[in-house]
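Data first, discussion second: the structure below is written as structure tokens.
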Amino acid sequence: MDLNLLLDMAVTGYGDRTAVSEGEDSLTYAELGRVATLGARLVRRIGADAVIFVGPSHPAYPAALFASAAAGVPFIPLNYRLGRDQLEDLMAGYPKALVVSDEPWIGEGMPGRARSLRSYLATLLDDRGSSEEPDAGPLSPGQTDDVAVVLHTSGTSGTPKAALLRHRNLASYVFTTVEFANATDEEAALVTVPTYHVAGLANLVSNLYAGRRIVYLEAFDPQRWLETIRSEGITQAMVVPTMLARVVRFLDGADARVPTLRTLAYGGSRMPIPVLEEALARFPDAGFVNAYGLTETSSTIALLGPDDHRAALTSNQPRARARLGSVGRVIPSVEVEVRDDGGAPTAGQLPGLIFLRGDQVSGEYAGVSVLDADGWFPTGDRGWQDDEGYLFIEGRADDTIIRGGENVSPAEIEDVLLAHPAVADAAVVGLSDDEWGQRIAAVVSIDGDGGAVTSDVLREWVRDHLRSSKTPDLVAFWPELPRTATGKLLRRQILEDLSSTLATENPTAS
Amino acid sequence: MLKAGLRLACPRCTTEVVVVRAPADEVMLTCSESALVGVDSAREETGHPTTGTDGMLLGKRYVDESADLELLCTKAGPGALACDGRVLGIRGAKPLPSSD
């Protein structure tokens with residue numbers, strides 16, 4: 001069970017179809033199969049032990065991924081938005097890697113090992129490809145248990161980790177969640193999630209296995225995104241919540257006018273309910289899908305599908321309506337268990353730590369598995385399941401604020417703050433406090449015309465909606481909150497910045 | 001013993017499969033009565049007598065619920081796969097909504 005098998009099937013099943021395009025550059029499935037083999041020969045010729053990709057979405061991305069699979073070496077997509085120092089640190093672990101990147105400094109000190117995205121693809125695609133990379137005997141392609149991809153997690157609340165996904169994890173995800181060749185000729189997916197994120201990777205392999213044409217749009221912009229859907233006849237799109245928020249703001253109450261769009265999937269971070277409700281109204285003909293998963297689980301493990309969205313939206317029962325804020329139900333090939341701090345399954349629908357098990361779950365970092373003896377992976381997320389199995393995520397366990405012995409989920413308070421008409425963005429963190437253990441601090445950014453809103457107004461707002469023990473002890477106003485490319489709050493940075501601001505303003509209070 | 005990820009082939013036709021879900025017990029897998037072999041084994045592809053079935057279709061998943069077995073067809077062929085003599089059925093599960 002490996003990625004090579006998946007590509008072989010696609011080439012056999014629908015080789016003439018376009019697999020992927022970005023602007024003028026594109027590849028058919030047959031071409032992708034060919035450049036994967038030639039790329040693998042290049043890897044072998046230069047003796048590379050990994051393929052590193054540092055760049056935006058482009059046909060060179062799947063070409064490099066499948067070349068590494070065909071050569072049996074790991075594929076390592078890195079965040080091209082990182083600074084040179086950070087990238088060099090990450091790359092130092094792979095001194096023999098083939099590097100595909102448009103970074104101007106790449107290539108210095110690595111003669112023969114670096115290629116730009118276009119030159120990598122163009123050389124393999126044209127007739128020179130076969131002559132420059134002649135067939136010098138059989139390759140040793142990646143097998144079931146080999147590491148297929150190394151992904152660096154964003155580390156929003158802790159240290160970033162290098163998560164290993166083996167061929168069997170990724171192949172099992174695709175084989176059990178996607179029906180082979182289920183896409184019709186006219187289907188096309190618009191992809192705007194980053195190459196170095198598990199969503200970008202999972203999206204790619206799922207769409208290839210479905211036989212869908214992938215259209216990459218780099219440098220997300222709401223207007224270009226909508227225009228591309230119309231000009232390319234896009235049927236499927238995947239966005240992160242911050243992108244959908246920008247689209248909704250751009251539409252400013254108008255219909256999105258994208259009749260070809262059948263499915264609009266979102267994930268990567270928490271979706272604010274007001275944004276979702278507004279988006280559902282602007283895209284009346286699209287089916288919405290919320291996908292929840294982690295890097296360590298080869299992406300999606302739970303889905304809130306179009307029918308779930310409709311049922312929740314039209315229900316007048318608060319319990320059913322609340323499911324709009326859930327991540328839906330766990331997919332059939334994965335098991336879930338919610339456990340208390342002592343490790344026992346929680347009673348009823350009480351919140352606890354979420355554990356997952358299944359073939360797509362890797363739970364492995366640089367050779368160290370964190371699966372327990374029975375194969376369960378501790379996600380580090382807290383949440384609960386309702387009586388029909390809908391999973392609600394409260395956030396990272398590390399982010400839970402413990403105020404006077406009471407567990408407070410930042411997400412719950414953030415949702416209330418975001419529902420205030422003047423609030424554009426909100427983060428809630430715990431500041432250490434001698435008396436309470438932790439104090440609740442909120443950081444908000446305000447919409448342009450909401451200047452009159454004060455700290456007291458927002459504290460009153462939270463008190464009215466929740467209760468006093470969940471009311472922020474202080475509210476700070478920032479022009480903008482730091483988030484990752486997929487929209488996750490950089491809580492560690494917010495906490496550090498807030499603590500140092502407070503220390504400067506009030507040096508006597510520690 | 002079967003294991004998820006194991007790739008098998010029919011010695012007499014083009015059919016190839018990969019094990020997606022493996023049963024805990026030992027089972028006998030056949031393609032029109034020929035025992036399946038490892039995908040890298042020597043094969044003759046002499047063909048089968050007409051099976052009267054659609055054969056094995058590329059990308060379809062085949063199951064035997066009583067043995068908790070699931071196979072994915074990675075190369076099409078004219079044979080008919082069976083587990084301990086029971087012909088496998090095509091898995092007809094409701095597809096998940098596209099999340100990617």
Those residues of the stretch B:38-75 which are in a strand (DSSP E or B) and open to solvent by less than 40 Å² (accessible area, probe 1.4 Å), in sequence order: B:GLY38, B:MET56, B:ARG61, B:TYR62, B:VAL63, B:ASP64, B:LEU69, B:GLU70, B:LEU71, B:LEU72, B:CYS73, B:THR74
Within the stretch A:497-506, does at least one residue satisfy the condition of being in the same structural domain as A:ALA427 (by TED's automatic domain parsing), in contact with a helix residue (DSSP H, G or I) (Cβ under 9 Å, 6 or more places away or on another chain) and within 28 Å of A:ASN79 (Cα to Cα)? no
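Table: residues versus (1) facing another protein chain (nearest Cβ under 9 Å); (2) hydrophobic (A, V, I, L, M, F, W, C).
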site	(1), (2)
A:VAL198	no, yes
A:ALA202	yes, yes
A:LEU208	no, yes
A:ARG213	no, no
A:GLU227	no, no
A:GLU232	no, no
Residues of the stretch A:455-474 satisfying the condition of being under 25 Å from A:GLU496 (Cβ atoms) and not hydrophobic (A, V, I, L, M, F, W, C): A:SER455, A:ARG459, A:LYS470, A:THR471, A:PRO472, A:ASP473
Give the residue that is nearest to the other protein chains (Cβ to nearest Cβ), with candidates limited to residues of the stretch A:160-177 that are more than 18 Å from B:ASP100 (Cβ to Cβ) and in contact (Cβ under 8 Å) with a residue 60 or more places away in the chain. A:ARG168
Name, by its number, the condition in (1) in a strand (DSSP E or B); (2) within 14 Å of another protein chain (Cβ to nearest Cβ); (3) over 22 Å from A:ARG168 (Cβ atoms) that does not hold for A:THR300. (3)
When you go through (1) surrounded by fewer than 21 Cβ atoms within 10 Å (Cβ to Cβ); (2) modelled with pLDDT of 90 or more one by one for A:SER101, which number turns out not to apply? (1)
Could you please let me know if A:SER130 is farther than 24 Å from A:GLY367 by Cβ and either open to solvent by 10 Å² or more (accessible area, probe 1.4 Å) or small (Gly, Ala, Ser) (or both)? yes
Sole residue being aromatic (Phe, Trp, Tyr) and within 16 Å of A:VAL35 (Cα to Cα), chosen from A:TYR80, A:TYR94, A:TYR61: A:TYR61
Would you mind listing the strands (runs of 3 or more DSSP E) fully within the stretch A:1-68 where at least 1 residues are of a type in the set (D, E, K, R) and more than 14 Å from every other protein chain (Cβ to nearest Cβ)? A:18-22, A:25-28
Matching residues in the stretch B:83-100 - criterion: being open to solvent by 10 Å² or more (accessible area, probe 1.4 Å) and assigned to a strand (DSSP E or B): B:ARG86, B:VAL87, B:GLY89, B:ILE90
Six or more apart or on different chains, Cβ under 7 Å: which pairs go from a residue in the stretch A:375-402 that's of a type in the set (S, T, N, Q) to one that's outside any strand (DSSP E or B)? Could you list them? A:GLN385/A:GLN349; A:THR400/A:SER409
Just name the residue that is nearest to A:GLY268 (Cα to Cα) out of those in the stretch A:225-252 that are open to solvent by 40 Å² or more (accessible area, probe 1.4 Å) and in contact (Cβ under 8 Å) with a residue 12 or more places away in the chain. A:THR242
(1) surrounded by fewer than 13 Cβ atoms within 10 Å (Cβ to Cβ); (2) outside any loop (DSSP other than H, G, I, E, B) all hold for A:ASP387 apart from (2)
Could you list all residues from the stretch B:55-91 that are facing chain A (nearest Cβ under 10 Å) and closer than 25 Å to A:GLU187 by Cβ? B:LEU57, B:LEU58, B:GLY59, B:LYS60, B:ARG61, B:LEU72, B:CYS73, B:THR74, B:LYS75, B:ALA76, B:ARG91
In the stretch A:122-142, is there at least one residue being at pLDDT 85 or above, more than 14 Å from every other protein chain (Cβ to nearest Cβ) and in contact with a His (Cβ under 7 Å, 6 or more places away or on another chain)? no
Filter the strands (runs of 3 or more DSSP E) completely within the stretch A:391-510 down to those with at least 1 residues that are closer than 21 Å to A:PRO241 by Cβ and open to solvent by less than 50 Å² (accessible area, probe 1.4 Å). A:391-396, A:423-433, A:437-446
Specify the residue that is nearest to A:ASP308 (Cα to Cα); the eligible residues are those in the stretch A:331-361 that are more than 25 Å from the chain's Cα centre (by Cα) and among the hydrophobic types (A, V, I, L, M, F, W, C). A:LEU350
What do you reckon, is A:GLY305 open to solvent by 20 Å² or more (accessible area, probe 1.4 Å) and within 13 Å of chain B (Cβ to nearest Cβ)? no
Working only within the stretch A:350-365, note down all residues that are farther than 16 Å from A:ASP145 by Cβ and in contact (Cβ under 8 Å) with a residue 40 or more places away in the chain. A:PRO351, A:LEU353, A:LEU356, A:GLY358, A:TYR365
Mind listing just one residue for me: the one in the stretch A:307-340 that is touching a residue at least 60 places away in the same chain (Cβ under 8 Å), out of contact with any helix residue (DSSP H, G or I) (no Cβ under 9 Å at 6 or more places or on another chain) and not in a loop (DSSP other than H, G, I, E, B) and, of those, nearest to A:ILE393 (Cα to Cα)? A:VAL330
Might you check whether a residue that is modelled with pLDDT of 90 or more, surrounded by fewer than 21 Cβ atoms within 10 Å (Cβ to Cβ) and over 20 Å from A:GLY15 (Cβ atoms) occurs anywhere in the stretch A:164-182? no
Based on this model, can you work out whether A:SER26 counts as under 24 Å from A:THR192 (Cα atoms), open to solvent by 40 Å² or more (accessible area, probe 1.4 Å) and out of contact with any Asp or Glu (no Cβ under 7 Å at 6 or more places or on another chain)? yes
Can we say A:GLU296 is on the phi < 0 side of the Ramachandran plot, surrounded by fewer than 21 Cβ atoms within 10 Å (Cβ to Cβ) and not hydrophobic (A, V, I, L, M, F, W, C)? no
Residue list for the stretch B:1-37, filter: open to solvent by less than 40 Å² (accessible area, probe 1.4 Å) and within 14 Å of another protein chain (Cβ to nearest Cβ): B:LEU2, B:ALA4, B:GLY5, B:LEU8, B:ALA9, B:THR15, B:GLU16, B:VAL17, B:VAL18, B:VAL19, B:VAL20, B:ALA22
For the stretch A:29-48, name all the residues that are in contact with an Asp or Glu (Cβ under 7 Å, 6 or more places away or on another chain) and over 20 Å from A:ARG115 (Cα atoms). A:ALA30
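The values are calculated or read from the model by the stated rules, or taken from the named source; none is laboratory data. Computed from a predicted model, the values in this text were never measured in an experiment. Neighbour counts run over all protein chains shown; Cβ positions are idealised from the backbone, glycine included. Accessible surface is based on the protein model in full, side chains and every heavy atom, while ligands, DNA and RNA are left aside. Shrake-Rupley method; radii C 1.70, N 1.55, O 1.52, S 1.80 Å.
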